[in-house]
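Chemist: The structure follows.
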């Protein structure tokens, strides 16, 4: 009888510890995302994005996107054109950040708003779920992720009732006493189309007239108290 009670108490404690760990992970994830959002509005955001499309016949979506508080630029791959838009203005085709150029054809820029929406969704932690049976999203810190770069802090967007589906991953890199978004990978949707996204984020800061970009530390972050999931 005592053994059964001990096992029951132990199980309750393990559940409590697991819940504490999930709460810690979610709080840390939200803190990192909020900081990245703040930095993205004030400094130079650089995004390298690739989206494999559900249809094998459809062309992959790929581009580089740069944004300052007052101007943004879209660059197409393989020597493709560059397009610039100043705050409150329209897209122009320009190779010198809008110093010179001409108005862009609507056919060339018609997808830009959708593409920007895709890369901003992870940065703003915007997601949708079509399978409500899996319950709420649970950001979970992943230690020793084989796909992570040295020093990268990885989270997987787990669910309350996971089904083994390949859930999205977020990667962050330590910067000062905070962390910045470095990577997002996972399935996204553009209308009814499923996309497999691989998005890299970088931030450039002007410090003492020198551009500085954060680099990963060489050791993984310490695990917060509360035990492992």
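Chemist: Kindly provide the set of residues from region 23-42 that are at pLDDT 90 or above and surrounded by fewer than 16 Cβ atoms within 10 Å (Cβ to Cβ), ordered by number.
Modeler: Result: 27, 30, 31, 34, 37, 38, 41, 42.
Chemist: What number of residues in region 147-201 are in contact with a strand residue (DSSP E or B) (Cβ under 9 Å, 6 or more places away or on another chain) and on the phi > 0 side of the Ramachandran plot?
Modeler: The number of residues fulfilling the criteria is 2.
Let's see how each residue does on (1) closer than 17 Å to residue 200 by Cα; (2) at pLDDT below 85; (3) touching a helix residue (DSSP H, G or I) at 6+ places or on another chain (Cβ under 6 Å); (4) surrounded by 12 or more Cβ atoms within 10 Å (Cβ to Cβ):
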{"site": "8", "(1), (2), (3), (4)": "no, yes, no, no"}
{"site": "21", "(1), (2), (3), (4)": "no, yes, no, yes"}
{"site": "69", "(1), (2), (3), (4)": "no, no, no, yes"}
{"site": "75", "(1), (2), (3), (4)": "yes, no, no, yes"}
{"site": "86", "(1), (2), (3), (4)": "no, no, no, yes"}
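Chemist: Sticking with this one: Could you grab me the full set of residues in region 186-216 that are surrounded by fewer than 20 Cβ atoms within 10 Å (Cβ to Cβ), at pLDDT 90 or above and under 16 Å from residue 36 (Cβ atoms)?
Modeler: 200, 202, 204 - these are the residues of region 186-216 that are surrounded by fewer than 20 Cβ atoms within 10 Å (Cβ to Cβ), at pLDDT 90 or above and under 16 Å from residue 36 (Cβ atoms).
Chemist: Looking only at region 134-157, how many residues end up being free of Cβ contacts under 8 Å to residues at least 60 places away in the same chain and surrounded by 11 or more Cβ atoms within 10 Å (Cβ to Cβ)?
Modeler: Residues meeting the conditions: 11.
Chemist: Of all residues in region 159-174 being touching a helix residue (DSSP H, G or I) at 6+ places or on another chain (Cβ under 9 Å) and free of Cβ contacts under 8 Å to residues at least 40 places away in the same chain, which is farthest from residue 134 (Cα to Cα)?
Modeler: The residue in question is 165.
Chemist: Does residue 131 satisfy being surrounded by fewer than 17 Cβ atoms within 10 Å (Cβ to Cβ), without any contact (Cβ under 8 Å) to a residue 40 or more places away in the chain and touching a strand residue (DSSP E or B) at 6+ places or on another chain (Cβ under 6 Å)?
Modeler: no
Chemist: Select from region 65-117 the residues that are outside any helix (DSSP H, G or I) and closer than 22 Å to residue 189 by Cβ and list them in ascending order.
Modeler: Within region 65-117, 65, 74, 110, 111 meet the criteria.
Chemist: While we're looking at this one, here's another question. Considering region 118-158 alone, what residues qualify as being in contact with a helix residue (DSSP H, G or I) (Cβ under 6 Å, 6 or more places away or on another chain) and assigned to a loop (DSSP other than H, G, I, E, B)?
Modeler: 125
Chemist: Output yes when any residue across region 44-51 is at negative phi and in a loop (DSSP other than H, G, I, E, B), and no when none is.
Modeler: Looking for residues that are at negative phi and in a loop (DSSP other than H, G, I, E, B), one finds none in region 44-51, hence no.
The values are calculated or read from the model by the stated rules, or taken from the named source; none is laboratory data. Nothing here was measured: the structure is a model prediction, and the numbers come from that model. We place every Cβ from the backbone using ideal geometry, glycine too, and count neighbours over all the protein chains shown.
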